[in-house]
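Undergrad: My questions all concern the structure below.
The values are calculated or read from the model by the stated rules, or taken from the named source; none is laboratory data. Because the structure is predicted, anything quoted here is derived from the model rather than measured. Heads up, the Cβs are rebuilt from the backbone with ideal geometry, glycines too, and the neighbour counts pull from every protein chain shown.
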Amino acid sequence: MKRFLLVLLAMVFMIPAAQAVTRAEDIATTIILRGHACPGRTVSNVSESVDASGNKTIQATCPNGARYQVNVSASGRVSVQRLN
Amino acid sequence: MFASAKPEIIVYNKPMKDMHATGYPNVVDIIVAVLTCLVVLILAFPLYADAQGCTKADKVEVSKVNVPAVKMKAAKTKQPEKQARAVKAEKKSVKKVAPAAPAVAGAVEKIKPEKAKEEPVAVDMETLKKRLKETDAIGVFTKLAIRSDIVDLVDEINRHRKQSRLEMKMANLRASFDGLLLKIVALLEGDPVLSRDLYVSRESIWKSLLEVKA
């Protein structure tokens, strides 16, 4: 009985924690928002680089094998392009 | 053959004895379990979710409006008696099976202004902006992407305003705005309160967007 209660309490505390998005989910959501397919709503093999002018480039692979490049300009503009 | 046939040979081990030590369940444990289940249910299914859906009153109103709309259509056509009877028969079947598309359109047109009248929600735009920036339900890149979309929409509104073609493009711009708002509302599933507030105050947000000048 007490174990069952502990599991229930753990679930209660896990629900709010599960609501915060991870970086992989964030990148996947951005890719989806720009009209590209990224099933599973998560990415892997994330690589990030920033150039001298402050433009950020992120490359990530979706579960379907598609690799995308997310460009975030210094002014905050976001664009996504497929690499393969 | 069965142990139950000879109760004297049943040997309880210690945990079983402990379980049988009290002849009644622990009331505190039961209360804690029930409270925990309630908390889980409340977290999983927020109560305000019901308020966002289509209420029964709306559905009843739609079905009430259907009848005069169909009658008017039948009256306007001025068909012979036989055709009028056929139309009446069709009308009955339509009423039973599904509402007719023009009738629904008429109902929606009637309901829309009523709802618009009901929605003068006092919204603090700065607070909404701040909450949208600070929410954990969406990530940084998603927020940047949404910001880009909003900036694009405002730029487009300003461009059409400069060319004095705002009225012509109003429907398209409003459709873009509605799409963008629905996107944001869908993305904010982790922050349902903010999501609801944004959806409820969509008219105020649209008005404030139109008021923005370059």
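Undergrad: Which residue pairs have Cβ atoms under 9 Å apart, sit 6 or more places apart or on different chains, and have a first residue in segment A:57-70 that is surrounded by fewer than 16 Cβ atoms within 10 Å (Cβ to Cβ) and a second that is acidic (Asp, Glu) and not in a strand (DSSP E or B)?
TA: Every condition considered, the pairs that remain are A:Thr57/A:Asp51.
Undergrad: Of these, A:Val70, A:Val21, A:Val46, which one is at pLDDT below 90 and either outside any helix (DSSP H, G or I) or among the hydrophobic types (A, V, I, L, M, F, W, C) (or both)? Even if it seems obvious, please write down each step before you answer.
TA: Details: A:Val70 fails: at pLDDT below 90; A:Val46 fails: at pLDDT below 90.
The conditions single out A:Val21.
Undergrad: I'd like to verify a number: residues in segment B:27-46 that are facing another protein chain (nearest Cβ under 10 Å), at pLDDT 75 or above and closer than 26 Å to B:Pro192 by Cα, how many?
TA: Counting residues in segment B:27-46 that are facing another protein chain (nearest Cβ under 10 Å), at pLDDT 75 or above and closer than 26 Å to B:Pro192 by Cα gives 3.
Undergrad: With the requirement that a residue be assigned to a helix (DSSP H, G or I) and within 14 Å of another protein chain (Cβ to nearest Cβ), what does segment B:121-143 give you?
TA: The initial filter retains those residues of segment B:121-143 that are assigned to a helix (DSSP H, G or I), namely B:125-134, B:140-143.
Once the filter is applied, which keeps residues that are assigned to a helix (DSSP H, G or I) and within 14 Å of another protein chain (Cβ to nearest Cβ), segment B:121-143 yields B:Lys133, B:Glu134, B:Val140, B:Phe141, B:Thr142, B:Lys143.
Undergrad: Can I ask one more? Which residue out of A:Gly35, A:Gly54, A:Gly40 is modelled with pLDDT of 90 or more and away from every other protein chain (no Cβ under 12 Å)?
TA: A:Gly54
Per-residue answers, yes or no, for (1) in a helix (DSSP H, G or I); (2) farther than 20 Å from A:Asp26 by Cβ; (3) in contact with a Ser or Thr (Cβ under 9 Å, 6 or more places away or on another chain); (4) more than 12 Å from chain A (Cβ to nearest Cβ):
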{"residue": "B:Ala145", "(1), (2), (3), (4)": "yes, no, yes, no"}
{"residue": "B:Ser164", "(1), (2), (3), (4)": "no, yes, no, yes"}
{"residue": "B:Phe177", "(1), (2), (3), (4)": "yes, yes, no, yes"}
{"residue": "B:Arg196", "(1), (2), (3), (4)": "yes, yes, no, yes"}
{"residue": "B:Glu203", "(1), (2), (3), (4)": "yes, yes, no, yes"}
{"residue": "B:Trp206", "(1), (2), (3), (4)": "yes, yes, no, yes"}
